[in-house]
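The values are calculated or read from the model by the stated rules, or taken from the named source; none is laboratory data. Since we're looking at a predicted model, the values are computed, not measured. Cβ coordinates were reconstructed from backbone atoms using ideal geometry, including for glycine residues, and neighbour counts include every protein chain displayed.
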């Protein structure tokens, strides 16, 4: 079924540069097929096709664009067990997780199809002329248009929902932007299956061929060439801080710099306020580890830092968390590289003179199995060494013993930007919570009360984003319907004859799209 | 009346580093007062005060924020003739222009006051919980919050409307961001008068002192220190491409990069389609020169490039334009530096082997008087030398003689990003216009039909922006009510107790702010 080929504008393409998929559970190559690595010429061809597709794709009726997104969802579902099996084999993730992620991926595509039809993302505004005014007031009409071809980098930890047909691709296609995906080398077979689904959906719904391409490769140059290509007008990326910052530099150094939405790094502080800690510290300890250990800890929103005021209540939390963590079996991580980075991260934390190792989970019994770990540090020492705050991608977290609420709040105020912060807060903690909220609003994209940061709901009010270095651009979200805004920009038409205006800007064509007409919202 | 002092968080502050204002009409220093240049410590103090003001300012009731903006407008108007006289003396612009600009400045402030009250900029979204769903669906509530302290660079060519209390300042304050202005050295007295007005408005409406500061200086280090300051979270700039790109590099190189909205450079192509050219080429020639010569050509939207199909009709247009331009008196330019750059720009254009000098305006009779100039070039030669497309800031324009519509459209498609494009288009030209529009949408922020690019209406549907290098960030506008969006980012609250939620996110608090509740728009 797999052919190991690239997808350039609807055509499969071979390459002499080959690489193998890896099974992280065995540590061995998956031998059934090898995969084509893209050359810079392949990247250029994909970008040229995306540019050629921009005008026809972006001007299709919105209904047709929505049907394309829905057809992708249907084609992905039609891949059936083959997709689940391949994704599990390439990632070490269990079938239930991949099945759930497939549902989320299809749901995202349908959410963006509905968003395309909704039409409010066009943000239509009309200011009618007033020729009698001195000076005469012109007629002005504004709408959002797509930026142009978008480069998307698949993430290793969501082989479906944040990879080839994931949130970045869905939101860019919804905005009217052709997409060139740089597939993640960790799941090339999964990527090929999904790329085939997109390609079939594009053909069956009459899309221009260049609306989608997939380039793979193990060399950094594939991704670098993609971001540097003058036809690419925006970038979506989910991955490491080093990877994101490298792409940010390329995007900024282009003769014409472009927006880059890189979702990079976070430790997602969980703050347990005193009354909540006293009332339910033991239960919180167990629930915390359940969130921490989910998916081998390989979530952007994994709770890597817990802050609370020191004392017997915190001891009880740590005891409960430690007990839960000690019982955690080692889990196969996504790749050998991620497992190695996890081991190094834990070793660096453990080597800090300020850090106490609380406990570890069960030892691994096979390759690439990450052993859970819990550490603690005093609040006054947390900021002494940056290593205490580096994201350790996997089941590892640091409990911060703060002297009092003042120290806790001051410490939180000095954290770098984060995707999330979580408050465990009882009614009697609300005054302390009210002090924390303004600090957290400056620091994170999403604030959770009495829950856990893992689990990112795909809806209209979700923000998966946050100040640097959580993301490269805090003005947006990469999950949820608002993600479409990332790939749009405004254009204004002044005194334009009706015949030349885009139809949505003509008088009377703004039904149910929330237009702002002469300052008033319809 | 003028003291030549800085304004740091409501306090005037002196400095031993002094500079003089200049009267461009005489070329001499204005001797009544010298002005303080800020040290890096002054910049740091202003930024620290802005950071301290952020929490109290951003959480004020919106009504109070709106009243502050209105009070600034009233205080500026109360400066009366003293402001107009000083601005005219420092810029060489005539009183009618400065009086009009004062009205525009006050109008902008009031527009943003109304926008603050309108409240839709908060983009409230609520997705209610569904505990019965598997997995349970959380309650999510989203709003936009201000980014933090904003640095604004005053522009030389709009000493009121794009300087200390101009569009960038008004939109940042409206968003809830304290502002530190780097005043332009070309109008320090004007800047001081306006800073005094803002400071009085802040005091009378009970704003935190750090909500506004003004730092001046002739050294580049003042602005560089401002953009590099870790407390600054966004930058608004209007000026040269070299200046904007220097600030972009600083913003990108910070440990935590920040958004920068730099409005830099454009030649604003005017495209005269064949039927319009045949029907009214002579009238268009005269009207074109009126737009070109307005304000000594010192507008971001000045029409620096005219494209049309070559032939007798274009000859007639050029004849009419040449006649009008020959009669243009030389006008005093804003600064000696701008006049020198204008002379150099014309000389470089004239030195190109591809360029023909059509005519010049009257010679200057005093210092810093710019002599109007009109050039022409063949369409096939336009892209041969980048100098043909460099913005020459002043009364200078290049007419491009295209062989046919295909060459014209291909040429337009290769232009860099622009603030505006203008079509002169008759009904019979609509098919050609329809071919051009998709090309122009990719290239510019505003497309004008049968008018001229100068004159930027302050309204809801205006886009003053465009692809690079017109601006550093095409996703926004610096004029009009949508400019507030530049200084906002989304935050989501998950399962937050009502007592801790920002009031606007509680159930039932979304009257008339266009909230999106469970996917439906209220």
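Here's a check for you: in region B:485-501, which residue that is surrounded by fewer than 24 Cβ atoms within 10 Å (Cβ to Cβ) and more than 8 Å from chain A (Cβ to nearest Cβ) is farthest from the chain's Cα centre (by Cα)?
B:498
Outside any loop (DSSP other than H, G, I, E, B), out of contact with any helix residue (DSSP H, G or I) (no Cβ under 7 Å at 6 or more places or on another chain) and in contact (Cβ under 8 Å) with a residue 60 or more places away in the chain: is that true of residue B:489 in this structure?
Yes: the conditions hold for residue B:489.
Of everything in region B:239-259 that's assigned to a loop (DSSP other than H, G, I, E, B) and within 13 Å of chain A (Cβ to nearest Cβ), which residue is surrounded by the fewest Cβ atoms within 10 Å (Cβ to Cβ)?
Of everything passing the filter in region B:239-259, B:255 is surrounded by the fewest Cβ atoms within 10 Å (Cβ to Cβ).
Go through region A:214-238 residue by residue and tally those that are at pLDDT 95 or above and either within 14 Å of chain B (Cβ to nearest Cβ) or on the phi > 0 side of the Ramachandran plot (or both).
The total comes to 6.
Determine whether residue A:55 is without any contact (Cβ under 8 Å) to a residue 40 or more places away in the chain, within 14 Å of chain B (Cβ to nearest Cβ) and in contact with a helix residue (DSSP H, G or I) (Cβ under 7 Å, 6 or more places away or on another chain).
yes
On the basis of being modelled with pLDDT of 95 or more, closer than 24 Å to residue A:505 by Cα and part of a helix (DSSP H, G or I), does residue A:172 make the cut?
yes
For region B:343-359, which positions are touching a helix residue (DSSP H, G or I) at 6+ places or on another chain (Cβ under 8 Å), buried (at least 20 other Cβ atoms within 10 Å of the Cβ) and closer than 19 Å to residue B:298 by Cα?
If the condition is that a residue be touching a helix residue (DSSP H, G or I) at 6+ places or on another chain (Cβ under 8 Å), buried (at least 20 other Cβ atoms within 10 Å of the Cβ) and closer than 19 Å to residue B:298 by Cα, then B:349 is the only one that fits.
Scan region A:98-106 and give yes if some residue there is within 16 Å of residue B:458 (Cα to Cα) and surrounded by 16 or more Cβ atoms within 10 Å (Cβ to Cβ), otherwise no.
Filtering region A:98-106 down to residues within 16 Å of residue B:458 (Cα to Cα) leaves none.
So far as region A:98-106 goes, no, none of its residues is within 16 Å of residue B:458 (Cα to Cα) and surrounded by 16 or more Cβ atoms within 10 Å (Cβ to Cβ).
Could you tell me whether region B:108-123 includes any residue that is more than 30 Å from residue A:439 (Cα to Cα), in contact (Cβ under 8 Å) with a residue 12 or more places away in the chain and surrounded by fewer than 21 Cβ atoms within 10 Å (Cβ to Cβ)?
Here is the first cut: in region B:108-123, the residues more than 30 Å from residue A:439 (Cα to Cα) are B:108, B:110-111.
Pick out the ones that are also in contact (Cβ under 8 Å) with a residue 12 or more places away in the chain and you get B:108, B:110-111.
When the remaining residues are screened for being surrounded by fewer than 21 Cβ atoms within 10 Å (Cβ to Cβ), the result is B:110.
There is at least one residue in region B:108-123 that is more than 30 Å from residue A:439 (Cα to Cα), in contact (Cβ under 8 Å) with a residue 12 or more places away in the chain and surrounded by fewer than 21 Cβ atoms within 10 Å (Cβ to Cβ).
So for region A:173-189 (the condition being surrounded by fewer than 23 Cβ atoms within 10 Å (Cβ to Cβ), within 14 Å of chain B (Cβ to nearest Cβ) and over 26 Å from residue A:246 (Cα atoms)), does at least one residue qualify?
Scanning region A:173-189 turns up no residue that is surrounded by fewer than 23 Cβ atoms within 10 Å (Cβ to Cβ), within 14 Å of chain B (Cβ to nearest Cβ) and over 26 Å from residue A:246 (Cα atoms).
Say whether the condition of being within 14 Å of chain A (Cβ to nearest Cβ) and at positive phi is met by at least one residue in region B:260-277.
Among the residues of region B:260-277, at least one is within 14 Å of chain A (Cβ to nearest Cβ) and at positive phi, which makes the answer yes.
Of the conditions (1) under 30 Å from residue A:53 (Cβ atoms); (2) modelled with pLDDT of 95 or more; (3) away from chain A (no Cβ under 14 Å), residue B:356 fails just one. Which one is it?
Only one criterion is unmet by residue B:356, namely (1).
Go through region A:136-156 residue by residue and tally those that are closer than 24 Å to residue A:60 by Cα, more than 9 Å from chain B (Cβ to nearest Cβ) and outside any strand (DSSP E or B).
The number of residues fulfilling the criteria is 1.
Only one residue in B:272, B:260 is within 30 Å of residue A:443 (Cβ to Cβ) and in contact (Cβ under 8 Å) with a residue 60 or more places away in the chain. Which one?
Step by step, each of B:272, B:260 is checked, and only B:260 is within 30 Å of residue A:443 (Cβ to Cβ) and in contact (Cβ under 8 Å) with a residue 60 or more places away in the chain.
Filter region B:1-51 down to residues that are part of a strand (DSSP E or B), surrounded by fewer than 22 Cβ atoms within 10 Å (Cβ to Cβ), touching a residue at least 40 places away in the same chain (Cβ under 8 Å) and in contact with a strand residue (DSSP E or B) (Cβ under 6 Å, 6 or more places away or on another chain), then give me how many there are.
Adding up the residues that qualify gives 3.
If you check residue A:518 against the conditions, is it farther than 23 Å from residue B:490 by Cα, surrounded by fewer than 24 Cβ atoms within 10 Å (Cβ to Cβ) and within 9 Å of chain B (Cβ to nearest Cβ)?
Criteria met by residue A:518.
Residue check: is residue A:514 in contact (Cβ under 8 Å) with a residue 12 or more places away in the chain, touching a helix residue (DSSP H, G or I) at 6+ places or on another chain (Cβ under 7 Å) and under 27 Å from residue B:481 (Cβ atoms)?
Yes: the conditions hold for residue A:514.
Is one or more of the residues making up region A:242-249 in contact with a helix residue (DSSP H, G or I) (Cβ under 7 Å, 6 or more places away or on another chain), at pLDDT 95 or above and not assigned by TED's automatic domain parsing to the domain that holds residue A:95?
No, there is no match, as no residue in region A:242-249 is in contact with a helix residue (DSSP H, G or I) (Cβ under 7 Å, 6 or more places away or on another chain), at pLDDT 95 or above and not assigned by TED's automatic domain parsing to the domain that holds residue A:95.
For region A:58-120, give me every one of the helices (runs of 4 or more DSSP H) that falls completely inside it and has 1 or more residues that are over 28 Å from residue A:332 (Cα atoms) and within 14 Å of another protein chain (Cβ to nearest Cβ).
Those helices (runs of 4 or more DSSP H) span A:95-118.
Could you list, in sequence order, the residues of region B:502-522 that are assigned to a loop (DSSP other than H, G, I, E, B) and under 34 Å from the mean Cα position of the chain (by Cα)?
Residues satisfying the conditions are B:502, B:510, B:511, B:512, B:513, B:514, B:515, B:522.
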